[in-house]
Amino acid sequence: MNDLSATLKTIDVPVSGGSLRVALMGDRGPVVFCVHGITANHTEFLWLAEQLKDCRLVAPDLRGRGRSNAIAGPWGMSAHAADVVAVMDHLGIAKADVLLGHSMGGFVAAVAAAQYPDRFKQVLMADGGVPLFNLSFIARLPFADWLIERITHKILGPSLERLDMSFESRDAYRAFWRRHPALAANWDARVEAYVDYDLEGSAPALRASTRKEALLLDVRTQLIEDLVPRSLKAIRCPVRFLRAPRGLMDGKPLYDERKLARATQGMANFSTRTIDDVNHFTILLSERGAKAIAAEVRGMLGA
């Protein structure tokens, strides 16, 4: 990734509640605005930037994550969507050629494209962005917050567990992730750098940078409220969905093909395909996944 270092820089952009750390990768070409997953950060797009050197990638650390975790709120998909547009305004980008969202970033992309329809030409969702179940009844339950955390734990597993943990060293944190079945077979220096960036604090009390309270409130607007389903129906630009055949633990996929087809039935501007031999993480955190997504982006750009 040495070739990328010459064109990669980070800036801080003022947004509601604080400032957002934003990575800029590439200095010319079509704009691909990248929105990361629920406990990730901008470094998950470094693989893709290597494959799209002829594009200008813009990738913030979302509020509550990475170097943007000092923002006190508000949280939720609408807040993230507003941040996306604030970054574009700061950079003088009137319209992004592609809005790319991975995992929760796909849900942010859906809301952003619906609420700011004039700012995005096309949307690309990478294994995220479409709720498969109607869970709105949960919001009315007296124990909704407890249940939301339980559901989130079931979906995310170790990714959520680590937010309640501290680590005595970087090596200890790397060892935690090396055991994760989705990354174990694909571990390399780039994955290690992605993991290292996530840490904050000092040894022997290092912690993951994602704020748990931000994550849980994001889950509420992502999966429990009706904001995302309404947004998906309101999107007018083309939307492509790239599905990983294996899930967060390298096993059962997050998106079953038949359920995804039912959830997107009637959306004329929506198309889907599966990227072979990747999981929910390596659809971006691997050269194979990044090459497939880069090819999709180029197809969307007409290149």
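The values are calculated or read from the model by the stated rules, or taken from the named source; none is laboratory data. Since this is a predicted model, take the numbers as computed values, not measurements. No Cβ is skipped: glycine too gets one built from the backbone with ideal geometry, and neighbour counts run over all protein chains shown.
Determine which member of the set Val278, Val239, Val219 is touching a Pro at 6+ places or on another chain (Cβ under 8 Å), among the β-branched types (Val, Ile, Thr) and either within 16 Å of Met125 (Cβ to Cβ) or at pLDDT below 95 (or both). Write out each step before concluding.
Values: Val239 fails: touching a Pro at 6+ places or on another chain (Cβ under 8 Å); Val219 fails: touching a Pro at 6+ places or on another chain (Cβ under 8 Å).
Val278 is the lone residue from the list that is touching a Pro at 6+ places or on another chain (Cβ under 8 Å), among the β-branched types (Val, Ile, Thr) and either within 16 Å of Met125 (Cβ to Cβ) or at pLDDT below 95 (or both).
Return yes when Gly105 is modelled with pLDDT of 95 or more and in contact with a helix residue (DSSP H, G or I) (Cβ under 9 Å, 6 or more places away or on another chain) and no when it is not. It would help to see each step written out before you state the result.
Working: modelled with pLDDT of 95 or more: yes; in contact with a helix residue (DSSP H, G or I) (Cβ under 9 Å, 6 or more places away or on another chain): yes.
Against the criterion (modelled with pLDDT of 95 or more and in contact with a helix residue (DSSP H, G or I) (Cβ under 9 Å, 6 or more places away or on another chain)), Gly105 qualifies.
Being at pLDDT 95 or above, in contact with a strand residue (DSSP E or B) (Cβ under 9 Å, 6 or more places away or on another chain), at negative phi and of a type in the set (Phe, Trp, Tyr), is that true of even one residue in the range 184-207?
no
Looking at (1) over 24 Å from Cys55 (Cα atoms); (2) in contact with a Phe, Trp or Tyr (Cβ under 6 Å, 6 or more places away or on another chain), which is the one condition that is false for Lys259?
Failed condition: (2).
Take the residues in the range 152-181 that are modelled with pLDDT under 95 and of a type in the set (Gly, Ala, Ser), then tell me which one is surrounded by the fewest Cβ atoms within 10 Å (Cβ to Cβ).
Here the residue is Gly157.
Quick check: is even one residue across the range 45-61 under 16 Å from Ala96 (Cβ atoms), buried (at least 24 other Cβ atoms within 10 Å of the Cβ), in contact (Cβ under 8 Å) with a residue 40 or more places away in the chain and among the small types (Gly, Ala, Ser)?
Checked the range 45-61: at least one residue is under 16 Å from Ala96 (Cβ atoms), buried (at least 24 other Cβ atoms within 10 Å of the Cβ), in contact (Cβ under 8 Å) with a residue 40 or more places away in the chain and among the small types (Gly, Ala, Ser).
Being in contact with a helix residue (DSSP H, G or I) (Cβ under 8 Å, 6 or more places away or on another chain), within 20 Å of Ala208 (Cα to Cα) and either assigned to a loop (DSSP other than H, G, I, E, B) or touching a residue at least 40 places away in the same chain (Cβ under 8 Å) (or both) is true for just one of Val13, Val22, Val32. Which residue is that?
Details: Val13 fails: within 20 Å of Ala208 (Cα to Cα); Val32 fails: within 20 Å of Ala208 (Cα to Cα).
Val22 is the lone residue from the list that is in contact with a helix residue (DSSP H, G or I) (Cβ under 8 Å, 6 or more places away or on another chain), within 20 Å of Ala208 (Cα to Cα) and either assigned to a loop (DSSP other than H, G, I, E, B) or touching a residue at least 40 places away in the same chain (Cβ under 8 Å) (or both).
Scan the range 115-133 and report the pairs whose first residue is in contact (Cβ under 8 Å) with a residue 24 or more places away in the chain and surrounded by fewer than 18 Cβ atoms within 10 Å (Cβ to Cβ) and whose second residue is of a type in the set (Phe, Trp, Tyr) and part of a loop (DSSP other than H, G, I, E, B), with Cβ atoms within less than 9 Å and a gap of 6+ or a chain change.
What qualifies is Leu132/Tyr255.
So, in the range 64-99, how many residues would count as being assigned to a helix (DSSP H, G or I) and touching a residue at least 12 places away in the same chain (Cβ under 8 Å)? Walk me through it before giving the result.
First, pick out the residues of the range 64-99 that are assigned to a helix (DSSP H, G or I): 66-68, 77-91.
Filter once more, so that each one left must be touching a residue at least 12 places away in the same chain (Cβ under 8 Å): 66-68, 77-88, 90-91.
Matching residues across the range 64-99 total 17.
I'd like the residue in the range 62-110 that is surrounded by fewer than 24 Cβ atoms within 10 Å (Cβ to Cβ) and charged (D, E, K, R) and, out of all such residues, is nearest to Asp218 (Cα to Cα).
Looking at residues that are surrounded by fewer than 24 Cβ atoms within 10 Å (Cβ to Cβ) and charged (D, E, K, R), I get Arg67.
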